[in-house]
Amino acid sequence: MFVQNKIYVLDGATGTAIQSYNLEEKDYSFEGKGYKGCHDILNITRKDIVLDVHRRYIEAGADIIETNTFNSNGVSLKDYGIEDKSYSLSFEGARLAKEAVINSKRKVLVAGSIGPTNKSASIPTKSSILDREISFDELFENYCIQAQALYDGGADLFLIETIYDGLNAKAAVMACEEISEKVGRKIPIMISATVDRNGKILSGQDIKSLITSLDRDSIVSFGLNCSFGAKDLIPLIESLSEYTEKMLSVYPNAGFPDENGEYLEKPEMMLEHLKDLIDNKKINIIGGCCGTTPKHIKLISEYCNGKIPREIDIKKTDGFF
């Protein structure tokens with residue numbers, strides 16, 4: 001599936017791309033109700049938009065595109081009262097991404113995006129230190145539904161991203177492995193966490209501990225996304241090299257948002273920050289998160305062309321190379 005001598009370019013922010021279409025409430029209308037703000041619903045209501053977003057990132061040079069399914073799990077969808085649509089939204093998200101790849105006639109991998117949900121399995125609630133917002137079993141069951149749908153829709157791999165709680169991530173990993181075993185196929189899993197400046201996720205776990213707790217044969221990469229801009233993420237990414245011999249990934253935000261929520265880091269500036277990782281063979285997968293656009297990805301892709309990736313131990317990646 002992967003090759004050793006290539007830096008893989010991941011796509012940019014789906015939400016940012018969707019916002020550029022200036023969609024209205026009617027675009028988010030489903031079964032007589034409006035769900036504006038739930039971008040995942042567009043997998044059903046505006047398939048043309050989702051396809052176009054994928055097309056733009058593929059044309060920009062992305063080697064891996066994410067499905068529009070970050071919140072397509074029953075836990076997050078419950079806020080909209082459509083938790084029963086987890087399978088259909090996840091399936092359509094994967095199917096649309098696969099369709100975009102087929103239409104492009106390029107070799108591009110589809111990563112089934114699995115977000116952290118809006119509930120924590122390990123952080124205590126305000127009411128009691130003994131209570132948690134959600135149980136591990138409930139997370140696992142919801143993730144199994146999403147992972148099955150992503151596989152059925154055509155995802156090549158799973159991307160468990162923006163991890164802020166290690167226990168949530170473990171539930172997601174176990175669910176993905178459950179589906180892999182069920183379908184009788186090895187499906188690689190990418191892991192990406194969001195951290196503070198001290199390299200810790202919201203639950204207080206440091207990245208070394210997170211890698212140790214999650215690492216298994218099914219994991220093909222570890223990395224960081226979101227958090228802040230590339231300049232501030234780079235030292236933390238470099239430190240990850242000490243803890244794993246698997247692929248490293250990074251997809252930062254386009255800097256910090258201003259008072260209007262706009263991300264101001266231009267493609268040229270972001271690339272300038274990332275050049276050190278690329279030039280010095282410190283990275284394997286690179287892309288963009290909040291605020292990044294096809295223009296950001298195009299510059300990154302062009303610069304990565306022919307560059308040598310970070311050396312890894314392929315014996316620890318369960319035959320994914």
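Entry remark, the range 248-276: residues being assigned to a helix (DSSP H, G or I) and within 18 Å of residue 12 (Cα to Cα) number 9 in total.
Taking each residue of the range 261-285 that is in contact (Cβ under 8 Å) with a residue 40 or more places away in the chain and looking for partners that are of a type in the set (S, T, N, Q) with beta-carbon atoms closer than 7 Å, six or more apart or interchain, yields 263/253; 282/241; 284/221; 284/249; 285/221; 285/249.
Results for (1) over 19 Å from the mean Cα position of the chain (by Cα); (2) buried (at least 16 other Cβ atoms within 10 Å of the Cβ); (3) not charged (D, E, K, R), shown as yes or no for each residue.
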{"residue": "5", "(1), (2), (3)": "yes, no, yes"}
{"residue": "19", "(1), (2), (3)": "no, no, yes"}
{"residue": "33", "(1), (2), (3)": "yes, no, no"}
{"residue": "39", "(1), (2), (3)": "no, yes, yes"}
{"residue": "54", "(1), (2), (3)": "no, yes, yes"}
{"residue": "81", "(1), (2), (3)": "yes, no, yes"}
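Tell me, please, whether a residue that is within 24 Å of residue 277 (Cβ to Cβ), in a helix (DSSP H, G or I) and under 18 Å from the mean Cα position of the chain (by Cα) can be found in the range 83-100. There is no residue in the range 83-100 that is within 24 Å of residue 277 (Cβ to Cβ), in a helix (DSSP H, G or I) and under 18 Å from the mean Cα position of the chain (by Cα).
Exactly one residue out of 214, 240, 233, 248 is surrounded by 14 or more Cβ atoms within 10 Å (Cβ to Cβ), more than 19 Å from residue 121 (Cβ to Cβ), hydrophobic (A, V, I, L, M, F, W, C) and at pLDDT 95 or above, and it is 248.
Among all positions in the range 131-150, there is no residue which is closer than 22 Å to residue 225 by Cβ and in a loop (DSSP other than H, G, I, E, B). The single condition among (1) closer than 28 Å to residue 144 by Cα; (2) not in a strand (DSSP E or B) that residue 222 does not meet is (2). Here the helices (runs of 4 or more DSSP H) wholly within the range 1-75 that include at least 3 residues being within 30 Å of residue 284 (Cβ to Cβ) and at pLDDT below 95 are 14-19. Of everything in the range 142-166 that is charged (D, E, K, R) and touching a residue at least 60 places away in the same chain (Cβ under 8 Å), the residue that is nearest to residue 75 (Cα to Cα) is 161.
Against the list (1) of a type in the set (Val, Ile, Thr); (2) touching a helix residue (DSSP H, G or I) at 6+ places or on another chain (Cβ under 7 Å); (3) within 21 Å of residue 120 (Cβ to Cβ), the condition residue 179 fails is (3). If the condition is being free of Cβ contacts under 8 Å to residues at least 12 places away in the same chain and in a strand (DSSP E or B), then the range 187-219 contributes 200, 206.
Matching residues to (1) farther than 22 Å from residue 207 by Cβ; (2) aliphatic (A, V, I, L, M); (3) surrounded by fewer than 20 Cβ atoms within 10 Å (Cβ to Cβ):
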position: 93; (1), (2), (3): yes, no, no
position: 102; (1), (2), (3): yes, yes, yes
position: 106; (1), (2), (3): yes, no, yes
position: 114; (1), (2), (3): no, yes, no
position: 117; (1), (2), (3): no, no, no
position: 149; (1), (2), (3): yes, yes, no
position: 160; (1), (2), (3): no, yes, no
position: 165; (1), (2), (3): no, no, no
position: 168; (1), (2), (3): no, no, no
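Scanning the range 265-272 turns up at least one residue that is over 24 Å from residue 159 (Cα atoms) and touching a strand residue (DSSP E or B) at 6+ places or on another chain (Cβ under 8 Å). Taking the conditions (1) at pLDDT below 95; (2) under 21 Å from residue 163 (Cβ atoms); (3) touching a Phe, Trp or Tyr at 6+ places or on another chain (Cβ under 9 Å); (4) surrounded by 19 or more Cβ atoms within 10 Å (Cβ to Cβ) in turn, residue 227 satisfies each one other than (3).
Rundown of residues vs (1) free of Cβ contacts under 8 Å to residues at least 60 places away in the same chain; (2) in contact with a His (Cβ under 6 Å, 6 or more places away or on another chain); (3) of a type outside the set (Gly, Ala, Ser), yes/no style:
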| position | (1), (2), (3) |
| --- | --- |
| 67 | no, no, yes |
| 86 | no, no, no |
| 90 | no, no, no |
| 93 | no, no, no |
| 99 | yes, no, yes |
| 104 | yes, no, no |
| 108 | yes, no, yes |
| 114 | no, no, yes |
| 123 | no, no, yes |
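Given the structure, is residue 280 within 16 Å of the chain's Cα centre (by Cα), of a type in the set (S, T, N, Q), modelled with pLDDT of 95 or more and at negative phi? No: the conditions fail for residue 280.
The values are calculated or read from the model by the stated rules, or taken from the named source; none is laboratory data. In this text, all values refer to a predicted model and were calculated from it rather than measured experimentally. Every residue, glycine as well, gets a Cβ built from its backbone with ideal geometry; the counts of neighbours run over all protein chains shown.
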